[in-house]
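Novice: This is the structure I have questions about; it appears just below.
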Amino acid sequence: MPQRHSKNNNDLAFFTYDEKRKLGYGTQKERLGKDSIKPFDACSLCLKSLIDPMSCQKGHLFCKECILQCLLSQKKDIQRKLAAHAAQQKQEKEEEEEKLKLQKAKELDAFDQQNHGAVPQYSDRNYSRDKNGFHGANSLKVTSYEEEALRTMKAFWLPSATPEASIKVDAPSNSTICPEGNEKLKLKTLFPVQFTEDTTEQKKSKALDKTYICPSCKVTLTNTMSLVALSTCGHVFCKKCADRFMAVDKVCLVCNKACKERNLVNLEKGGTGFAGHGDHLEARDFKHLGSGSGLGLVRPAMKT
């Protein structure tokens with residue numbers, strides 16, 4: 001029985017549909033597994049298990065060392081930008097003063113030439129040079145025609161004809177930002193987070209990693225659950241227990257410390273740049289064939 005023509009005919013001047021599929025042409029889809037999603041107890045900076053966890057008011061979790069190092073580097077960067085901005089303002093002020101001084105000197109020279117007909121004499125060394133910077137043994141007396149020619153010529157290798165783009169340094173913001181949520185973040189707004197570890201013998205014998213539970217209902221915490229942390233004491237509860245007890249009684253069930261409704265901070269769930277919780281956990285890449293070879297260029301497809 002004869003085979004299908006498209007799978008066996010390989011002497012065509014173009015790729016068939018089956019050949020394109022074998023080369024990986026088109027949109028490739030792959031379901032993201034558990035290893036592609038950040039766990040809820042992982043740092044948002046180092047992506048490792050939390051060590052001395054800290055949380056911001058938006059619920060982003062960080063290691064204490066990671067977030068302190070991040071804020072310190074941001075402050076150093078802000079100081080560097082402030083110094084560059086101050087130096088630029090000082091330079092602009094000096095240039096403006098120099099322009100005013102030269103303008104006054106030109107006005108005085110024009111006045112002397114008009115009234116006395118004397119040739120102006122400059123005591124400053126800078127006036128001995130021409131406008132294009134030629135001085136010394138290679139000095140060049142630039143006439144109006146030569147000056148216009150130097151200004152219009154496209155000789156980029158000459159220093160006098162090379163354009164200079166002024167670099168403007170904007171005034172930086174003095175506030176540090178959260179590396180995860182891009183909102184303003186101060187060190188005093190961070191609070192420590194305390195997870196309740198499952199210490200049962202059954203969990204100890206089976207699990208190698210730490211397993212955390214809700215101290216109220218003893219349910220194992222996972223990425224699929226909504227978690228709430230108290231900014232007053234740092235204890236973490238599931239969303240149901242927090243709404244049922246802490247929001248009503250205004251007290252922590254573990255340490256009996258008073259809290260208010262504004263102290264209930266919803267922790268952000270785990271996710272990656274490819275997919276987050278509640279979205280389509282699917283990564284897509286589009287491949288198209290390159291010219292002259294079977295290797296295609298890869299560009300990421302838009303997230304749907």
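The values are calculated or read from the model by the stated rules, or taken from the named source; none is laboratory data. This is a predicted model, so every value here is computed, not measured. When we count neighbours, we look across all protein chains shown, and the Cβ atoms used for this are built from the backbone with ideal geometry, even at glycine. Areas reflect the complete protein model, heavy atoms only, side chains present, ligands, DNA and RNA absent. Shrake-Rupley method; radii C 1.70, N 1.55, O 1.52, S 1.80 Å.
Novice: May I ask you to give the percent of accessible area on the stretch 38-124 that is carbon plus sulfur, with a probe radius of 1.4 Å?
Specialist: On the way: 3410 of 6420 Å².
Solvent-exposed carbon and sulfur of the stretch 38-124 make up 53 percent of the total.
Novice: Kindly state, to the nearest 0.05, the FRET efficiency for GLN194 paired with ILE167, given R0 = 35 Å and r defined as their beta-carbon distance.
Specialist: Details: r = 48 Å, r/R0 = 1.38.
Efficiency, from the Cβ-Cβ distance: 0.15.
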